[in-house]
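Chemist: Once you've had a glance at the structure underneath, I'll fire off some questions.
Read-outs throughout are calculated quantities, based only on the coordinates presented, and are distinct from any laboratory measurement. Source: prediction; values computed, not measured. Backbone-built Cβ (ideal geometry, glycine too); neighbour counts: all protein chains shown.
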Amino acid sequence: MSNTTVIRVCMGPGGIAAGGKEVLDTFEKCLSEKNIEASVRENCSSHQVGCMGLCARDVLVEVHANGAKTTYQYIKPDMVERIVTEHISGGRPVAEWLVDDAFSAFYKKQVKVVLSDVGKVDPEDIDAYIAAGGYESAREALTSWTPRDIIDEIKSSGLRGRGGAGFPTGLKWELGRASAGDTKYIICNADEGDPGAFMDRAVIEGNPHSVAEGMIIGAYAIGASKGYVYIRAEYPLAVERLKLALHQAADRGFLGTGIFGTAMDFDIEIKLGAGAFVCGEETALIASIEGQRGMPRPKPPFPVNRGLWQRPTVINNVETLANIPYIIRNGCSWYASYGTERSKGTKVFALTGKIRNPGLIEVPMGITLREIIYEIGGGIENDKSLKAVQTGGPSGGCIPASMLDLNVDYDSLARAGSIVGSGGMIVLDEDDCMVNMAKYFVHFTQTESCGKCVPCRVGTKRLLEILTRITRGEGKTGDIELLERLSAGVKAASLCGLGQTAPNPVLSNIRYFRDEFVAHVRDKKCPAKVCREMLTYRILEKFCKGCGACLRACPGGAITGAKKKPHVIDPGKCIRCGACFDVCRFKSVEKE
Amino acid sequence: MEKTLKEIVDGYRKKGGNIITLLQGTQDAFGYIPREAVAFFSEELNIAPSRFYGVATFYAQFRLKPIGRHKITACCGTACHVKGSDKIISGLKRELQLSGENDTTGDGEFTLEEVACLGTCSFAPVVLVNGSVRGKTSSDAVVKEIRALRKKENE
Ligand SMILES: Cc1cc2nc3c(=O)[nH]c(=O)nc-3n(C[C@H](O)[C@H](O)[C@H](O)COP(=O)(O)O)c2cc1C
Ligand code: SF4
Ligand code: SF4
Ligand code: FES
Ligand code: FES
């Protein structure tokens, strides 16, 4: 192996956005051109891989040569030629394009289980996954374990569902196994509705076979003969790679009839979601697969007893399932050695927002927020100060900067008024307004409410109205208390998880940032200077050079002034778009 | 249109699809769900039009109006929101003179779509112009592109 040169180009969401395909093509072109003399051709391969984690530095390229691994960052097609000539043919890495210390710090505290092969194996090649030990767990489970053994193993691993609710996976499978019926289903929930997260997408795009293998093992454990992956249509590449993976697995006899040479039949079908957040909820998801409007129904009966087409159905999240092959391979005690007493293993997060190193991370449960933000994430962007971290998306809440030493696990986050959720982690700095954030999430849940029950349908609408008026400087005394009362009502009386958790961002932001709400309501001021309607823009005469940049940028025609003379804003015409503030190079536009 | 619709219905019958897959096939073919399509399916399959519209209006994916020639997709996911996607969207709406629920320009040239997280939060704020990614962008930059596209059309 050591004399084989392998080039790995990031083709995760970030890699593709930064031009990964062009980089990959250029590598292939460049290599085949130069191969005429050297016989590197057979030894040298450039693979496409999934997200390597530090998406902000894409396109990331790894070169494995002579037993050493070199990683390049910010690679563009026109840089490829030099890497090929100097490094691959010449053996001298191009020093100035290599990753720096922040890059290794990003990985140091991470523990990769679900992501261990993401960014390493070519997601479009089943042999790459097999070479990395893939499908061995399924083969072993199906040929030498009983379903009971598997359920016990997963129970002892302590794995809890990664879709948000944290329900113990082993127990769910046990219930599925025990449920009476000769036709059962297993569904992989790949709807990934949290509007600021992409963990599941990265797993499917980066290693679709791990999800398929997890489903095979799950199906054997509960006795299902058919599986579905419910995946958002907005993820075309993930769908394509998953399709290919399922074809390849069927070709090898891992799916279909008599899989792995046993008597078990199992098939997986892909169902495309059609863009409704509520369809991530189990009963709504089932309705959607059946072709109906995706509306939740009351539980019980639970899907494990009466699910898809009234049959026993186990629904698991993508990340939950992708953990399974690794747990079977390495054993439950290995998995349980990571994490805390009640939250075992690792969790994948999409670390985004005002952070220096945004990207996809996998960390052991129980790690502190401080470690995530300052060691892995490299601290706050532009040397601003941290204000809060939002977790759990529209169902979650925020953790203020003062609680940075909080452990990230199910119980600690719940005590702090938030949730682990599916894995969105958004870092907010001093320039973010917590009232605006609450409004943002309520706007989302209000739009996505299916409308079946009144507390959610009307309650979220009222919440949004109140928040909107507060951000417009029209808040009334008592509005904050009204928000709290209304939130409690919506939480208590809604039918499904969407409504039950929709007020969480509001409550948690009020809990930790009440002063900011008060400033909006009482003083009609937005301390973070975000809420447009409360701002006034002014040009500071003593700094203004009269360059006219703001005048040209102003869409409202609100700015006047002669060349080289201080300009002025007519407050009556100003629509507070902020364009002048953004374009002024002399910092002479002030907002207040 | 008739021929395409017939094929979609045949596929539905053969593969045992459902209303969602039928509508997805229709949207793939036409870019939206034309009124005529619903009338046709309703007739062929003996299912009330309201059932189709019930599903079509429930899911964000389905459009009942034709899509513009150029599609601008603005991400309004959380990461993009904190990086100022609001400003981008209001800037684009001003440029395209869109207001209210209207997402397509009167001349049918541009459609402005708002979607949640495109998975490239590290480059927030993100906008897609006809499917290709513009990261760390601004309303100015996108407006420039829109004007360039317009100019090209007029030539
Ligand atoms: C409104 C709503 C949206 C949800 N969205 C998702 C989702 O996008 N992906 C997901 O895996 N689970 C989602 N869930 C949770 C699922 O209902 C379910 O608990 C989960 O898929 C079970 O898998 P797990 O036990 O492996 O976590 C959502 C729940 C609710 C109430
Ligand atoms: S809580 Fe909201 S989303 Fe859930 S069923 Fe009720 S109306 Fe629908
Ligand atoms: S904020 Fe916008 S409208 Fe107001 S003066 Fe500045 S550029 Fe003009
Ligand atoms: S997509 Fe390239 S590192 Fe995440
Ligand atoms: S929030 Fe916009 S790309 Fe993720």
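Chemist: Among A:Lys120/B:Lys136; A:Lys354/A:Lys525; A:Lys120/A:Lys384; A:Lys21/A:Lys109; A:Lys184/B:Lys71, which pairs are too far apart, with a Cα-Cα distance over 32 Å? Walk me through the intermediate numbers first.
Modeler: Values: A:Lys120/B:Lys136 27 Å; A:Lys354/A:Lys525 23 Å; A:Lys120/A:Lys384 35 Å; A:Lys21/A:Lys109 30 Å; A:Lys184/B:Lys71 42 Å.
The answer is A:Lys120/A:Lys384; A:Lys184/B:Lys71.
Chemist: Largest first and in whole Å, give the semi-axes of the range A:434-521's equivalent ellipsoid, each being the square root of 5 times a Cα gyration tensor eigenvalue. Provide the component values of the computation, followed by the final result.
Modeler: On the way: eigenvalues 88, 28, 24 Å².
Value: 21, 12, 11 Å, ordered largest first.
Chemist: Across every pair of different alpha-carbon atoms, what Kirkwood hydrodynamic radius in Å does the range A:92-227 reach?
Modeler: Taking every pair of different Cα atoms in the range A:92-227, averaging 1/r and inverting gives 17.2 Å.
Chemist: On the principal axes of its Cα set, how long, how wide and how thick is the range B:72-114? Give whole Å, largest value first.
Modeler: That works out to 32, 15, 14 Å along the principal axes.
Chemist: Quote the FRET efficiency, to the nearest 0.05, computed for B:Arg94 versus A:Lys29 with a Förster distance R0 of 60 Å and r equal to the Cβ-Cβ distance.
Modeler: Working: r = 43 Å, r/R0 = 0.72.
It comes out at approximately 0.90.
Chemist: Can you check what the net charge comes to around A:His209, using other residues whose Cβ is under 11 Å from the Cβ of A:His209 (Lys, Arg +1; Asp, Glu -1)? The partial results should precede the final answer.
Modeler: On the way: positive: A:Arg241, A:Arg252; negative: A:Asp117, A:Asp122, A:Glu124, A:Asp125, A:Asp127, A:Glu213.
Combined, the nearby Lys, Arg, Asp and Glu give -4.
Chemist: So, one more: Please provide three numbers in whole Å: the alpha-carbon extents of the range A:311-436 along the principal axes, with the largest listed first.
Modeler: Dimensions of the range A:311-436 along the principal axes of its Cα atoms: 47, 34, 25 Å.
Chemist: Provide the gained length on full extension for the span B:Arg147 to B:Lys14, in nm with one decimal, where the gain is 0.36 nm per separating residue minus the Cα-Cα distance.
Modeler: Gain in length upon complete extension: 43.2 nm.
Chemist: Is there a simple number for the mean count of other chain Cβ atoms within 10 Å of the Cβ of residues in A:193-205, and what is it?
Modeler: Details: counts 2, 4, 10, 12, 7, 8, 1, 1, 3, 1, 0, 0, 1.
What the average comes to for A:193-205 is 4.
Chemist: For the protein assembly as shown, what is the calculated [θ] at 222 nm in deg cm²/dmol (nearest 500), taking -39500 (n - 2.57) for each run of four or more DSSP H residues and dividing by its residue count?
Modeler: -12000 deg cm²/dmol
Chemist: Whose amide H sits under 5 Å from the amide H of A:Lys525, counting only residues 5 or more places off or on another chain, with H placed in the peptide plane?
Modeler: Counting only residues 5 or more places away or on other chains, the set is A:His520.
Chemist: On average over all directions, what projected area in square nanometres does the range A:5-99 have, based on the convex hull of its Cα atoms?
Modeler: About 5.3 nm², averaged over all directions.
Chemist: Ranked highest first by the average count of other Cβ atoms within 10 Å around their residues, in what order do A:65-75, B:51-61 fall?
Modeler: B:51-61, A:65-75
Chemist: Something else now. Within a 10 angstrom radius of each residue's Cβ in A:243-254, how many Cβ atoms of other chains show up on average? Whole number is fine.
Modeler: The mean count of partner-chain Cβ atoms within 10 Å per residue comes to 0.
Chemist: Using modelled amide H (1.01 Å from N, peptide plane; none on Pro or chain starts), what sits under 5 Å from the amide H of A:Gly273, excluding residues fewer than 5 places away?
Modeler: So A:Gly273 has HN proximity to A:Ile231, A:Arg232, A:Ala233.
Chemist: How much space per residue, in cubic angstrom, does the convex hull of the C-alpha atoms of the range B:70-154 take up?
Modeler: Each residue corresponds to 80 Å³ of Cα convex hull volume.
Chemist: Suppose we keep just the DSSP beta bridges with both residues in the protein assembly as shown; what percent of those would be antiparallel, to 5? Mind dumping the intermediate values first?
Modeler: On the way: 42 of 75 bridges.
Taking every DSSP beta bridge within the protein assembly as shown, about 55 percent pair in antiparallel fashion.
Chemist: Using θ = phi - 60° and the Karplus form 6.51 cos²θ - 1.76 cosθ + 1.60, what ³J(HN,Hα) does each residue of the range B:10-16 get, whole Hz, x for Gly and Pro?
Modeler: Coupling constants for the range B:10-16: 4, x, 4, 5, 5, 8, x Hz.
Chemist: Per the Debye formula with a single identical scatterer at each Cα and no solvent contribution, what log10 I(q)/I(0) holds for the range B:2-58 at q = 0.12, 0.14, 0.18, 0.28 Å⁻¹?
Modeler: Values, matching the q order: -0.21, -0.30, -0.50, -1.37.
Chemist: Put one equal scatterer on each alpha carbon of the range A:508-592, apply the Debye formula with no solvent term, and list log10 I(q)/I(0) at q = 0.12, 0.16, 0.20, 0.25 1/Å to two decimals.
Modeler: Calculated log10 I(q)/I(0) at the listed q: -0.41, -0.63, -0.83, -1.13.
Chemist: Among the aspartates and glutamates, which fall within straight-line cross-link reach of A:Lys564, defined as a Cα-Cα distance under 13 Å, with same-chain neighbours fewer than 8 residues apart omitted?
Modeler: A:Glu541
Chemist: Please list the non-local residues whose amide H lies under 5 Å from the amide H of A:Asn317, H modeled 1.01 Å from N, same-chain partners needing a gap of 5 or more.
Modeler: Here A:Arg162, A:Gly163, A:Asn189 satisfy the definition.
Chemist: Can I ask one more? Convert each backbone phi in the range A:322-331 into a coupling constant with the Karplus relation 6.51 cos²θ - 1.76 cosθ + 1.60 (shift: θ = phi - 60°), then list the ³J(HN,Hα) values in order as whole Hz, x for Gly and Pro.
Modeler: With coefficients 6.51, -1.76 and 1.60, one gets 5, 6, 4, x, 6, 5, 5, 5, 9, x Hz.
Chemist: Still on this model: Which residue, chosen from A:Thr536, A:Gly546, A:Cys574, occupies the Cα position most advanced towards the positive end of the dipole of the range A:535-591, where the dipole is computed from +1 (Lys, Arg) and -1 (Asp, Glu) charges on Cβ about the Cα centre?
Modeler: The Cα lying farthest towards the positive end belongs to A:Gly546.
Chemist: When the C-alpha atoms of the range A:345-396 are aligned to their principal axes, what extent does each axis show, in angstrom, from largest down?
Modeler: 33, 25, 17
Chemist: Next question, about the same structure. Kindly write out, for the range B:23-40 in residue order, the coupling ³J(HN,Hα) from the Karplus curve 6.51 cos²θ - 1.76 cosθ + 1.60 (θ = phi - 60°), rounded to whole Hz, with x marking Gly and Pro.
Modeler: 5, 4, x, 5, 5, 4, 6, 10, x, 7, 9, x, 3, 4, 5, 4, 4, 5
Chemist: Provide the three semi-axes, in whole Å and in decreasing order, of the ellipsoid equivalent to chain A as defined by the square roots of 5 times the Cα gyration tensor eigenvalues.
Modeler: Values: eigenvalues 373, 248, 79 Å².
Those come to 43, 35, 20 Å.
Chemist: Can you tell me the alpha carbon radius of gyration of chain B divided by the globular rule-of-thumb value 2.2 N^0.38 Å?
Modeler: Ratio of Rg to 2.2 N^0.38 Å for chain B: 1.21.
Chemist: So, one more: Taking each residue in B:69-82, count the Cβ atoms of any other chain within 10 Å of its Cβ, then average. What number comes out?
Modeler: 6
Chemist: Here's something else I'd like to know. Please give the peptides A:424-437, A:317-330, A:250-263 ranked by average Cβ packing (other Cβ atoms within 10 Å per residue), highest first, as a rough proxy for protection.
Modeler: The densest-packed peptide leads the list: A:317-330, A:424-437, A:250-263.
Chemist: Continuing with this model, one more query. Please state the equivalent ellipsoid semi-axes for the range A:333-375: what are the square roots of 5 times the Cα gyration tensor eigenvalues, largest first, in whole Å?
Modeler: On the way: eigenvalues 103, 20, 10 Å².
Result for the range A:333-375: semi-axes of 23, 10, 7 Å.
Chemist: Rounding to the nearest 10 and keeping the result within 0 to 90°, find how far the Cα-based axis of helix B:85-96 lies from the longest principal axis of chain B.
Modeler: With both axes taken from Cα atoms, the answer is about 80 degrees.
Chemist: I'd like the projected area of the range A:174-315, averaged over all directions, using the convex hull of its alpha carbons. Report it in nm² with one decimal.
Modeler: Details: hull surface 32.9 nm².
Spelled out: convex hull of the Cα atoms, projected over all directions, averaged, 8.2 nm².
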